[in-house]
Amino acid sequence: MGVFAEALCEGVCAVKSDVTSLIHELAERHSLTLDDYESLITNRTQDSARMLRDFAVRERVRIYGHDVYIRGLIEISNYCRNDCLYCGIRRSNSHCQRYRLTPEQIISCADEGYELGFRTFVLQGGEDSHFSDELLGGVVREIKSRHSDCAVTLSLGERPRESYEYLRSCGADRYLLRHETADRTHYSMLHPQEMSYDHRMNCLHELRNLGYQVGCGFMVGSPCQTARNLAQDLKFIEEFKPDMCGIGPFIPHKDTPFRDFPAGSAELTCYLLSIIRLIHPPVLLPATTALGTIDPTGREKGIMSGANVVMPNLSPVSVRKKYELYDNKICTGEESAQCRECLNNRMRAIGYEIVTSRGDVKL
Ligand code: 5AD
Ligand code: FES
């Protein structure tokens, strides 16, 4: 071997063994430095991905077996007062056809979901002032009284502490609020000036203090995101230890300022899913719809990388296309029962089983 080739080989092998030792360290200590998270991302290879996946699946199987939890997503409103630059239902998108479900419609989606074996309902929507505490509280109470063995998760953005407190007192069990990015400067690139990184992080801490099971999360490959930013997201997850963590690739929406930015990849999303499973092994980790949109077998790949949750849509088919955060979202034409059946088959085909259970975090 020539001197040059030898030097090259040594370089490659050094990187390889470096990443390998980082993975071992992560699996044992559930923690790395910011620099090491960054290098785990930057120096990733097919081999390191395989190794991470093996460790992550082992942890997931140890805690949750081959069970996959399902959450029925009910998209209650696409009105939003916010103007996040990436999002298709942002206030400034005049092409978005706005809708809101009535309390009766929301409750009937949950009833239908219950029959299909769902034991968690996620009420998700834009920040819509029409949904007052009274209105939402009534809906949460009604769902909980009809289906006392179910969990209700809210995903309705930033609200005052009193609102979170009231909704919790009405029976809401969990709250999803993606932090979007744990880097202040990056946050300000993705959001209009009036939105605040600190406020968002405060909301997450308040939700936790109120006794909610809390979910954070971020997009993979969002505009201007660096490996350093992702390392910061991982460090935040390591410290915050969320009960749930939703991550999915950024996908451009044609009517947003980010329309011409490239989408994030399924490959990096799955790599990060494995890392997150190892950082906080009990975390409830969905293989998201965005992951299934960017890659037709993305959700399967997500589960095989360490995820253990899928969140099919229970919204009425008549509104599904309107809740378009990004282009080409999957499952907008299928009835709830079709998605349930489809996911059953998809999970079975890879050796997993969807279970009828609330699917609480196992700490
Ligand atoms: N691509 C991928 N995910 C998106 N979200 C919003 N817009 C997009 C997009 N264009 C995510 C955000 C939000 C969640 C509900 O959906 O992370 O918190
Ligand atoms: Fe909706 Fe497959 S999950 S059609």
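No lab work stands behind these numbers, since they all come straight from the coordinates. On a predicted model such as this, the values are computed, not experimentally measured, just so you know. As a convention, Cβ positions derive from the backbone with ideal geometry for all residues, glycine included, and neighbour counts pool all protein chains shown.
Is the shape of the stretch 190-245 best called rounded, prolate or oblate, per the rule: a/c under 1.5 gives rounded, else a/b larger than b/c gives prolate, else oblate, with a ≥ b ≥ c the square roots of the Cα gyration tensor eigenvalues? Oblate shape, in that a/c is at least 1.5 and b/c is the bigger or equal ratio. Taking amide hydrogens as placed 1.01 Å from N in the peptide plane, the amide H of residue 151 sits under 5 Å from those of 120, 121, each at least 5 positions away in sequence or on another chain. Only helices enter the 222 nm calculation for the chain: every DSSP H run of n ≥ 4 contributes -39,500 (n - 2.57), and dividing by all residues gives -14500 deg cm²/dmol, rounded to 500.
Counted residue by residue at 0.36 nm each, then reduced by the alpha carbon distance between them, the extension gain from residue 318 to residue 24 reaches 101.0 nm. Note: relative contact order over the stretch 304-363, using C-alpha pairs below 8 Å and six or more positions apart, is 28 percent.
Count the net charge of all other residues whose Cβ sits under 14 Å from the Cβ of residue 66, scoring Lys and Arg as +1 and Asp and Glu as -1. Result for the local shell: +1. In straight-distance terms, cross-link reach from residue 321 covers every one of the aspartates and glutamates whose alpha-carbon lies under 17 Å from its own, apart from those fewer than eight places away in the same chain; here that gives 75, 255, 334, 335.
DSSP beta bridges fully contained in the chain are about 5 percent antiparallel.
By the gyration tensor of its Cα atoms, with a ≥ b ≥ c the square roots of the eigenvalues, what is the shape of the stretch 99-144: rounded for a/c under 1.5, prolate for a/b over b/c, or oblate? Taking the square roots of the gyration eigenvalues as a ≥ b ≥ c, the stretch 99-144 is prolate. What's log10 of I(q)/I(0) for the stretch 111-203 at q = 0.11, 0.14, 0.16 Å⁻¹, Debye sum over Cα points only, no solvent? Each listed q corresponds, in turn, to -0.38, -0.58, -0.71.
Overall shape: oblate for the stretch 223-328, with the ratio a/c of the largest to smallest alpha carbon gyration tensor axis at 1.5 or above and b/c at least equal to a/b.
Taking amide H positions as modeled 1.01 Å from N, with prolines and chain starts lacking one, the residues under 5 Å from residue 176 and 5 or more places away or on another chain are 154, 155, 156, 215. Put simply, the amide H of residue 284, placed in the peptide plane, has neighbours under 5 Å in 244, 245, leaving out anything fewer than 5 places away on its chain. Only beta bridges with both residues in the stretch 63-190 are counted; by DSSP, about 10 percent of them are antiparallel.
Here the contact order of the stretch 257-313, divided by its residue count and restricted to Cα pairs under 8 Å and six or more residues apart, works out to 38 percent.
Mean separation of Cα pairs under 8 Å and 6 or more residues apart, divided by the residue count, gives the chain a relative contact order of 23 percent. Sequence-ordered 3J(HN,Hα) estimates for the stretch 237-248 from the Karplus curve with 6.51, -1.76 and 1.60 and θ = phi - 60° stand at 5, 4, 7, 7, 6, x, 6, 10, 8, x, 10, x Hz, glycine and proline given as x.
With q set to 0.07 Å⁻¹, the log10 of I(q)/I(0) for the chain, from the Debye formula over equal scatterers at the Cα positions, is -0.29.
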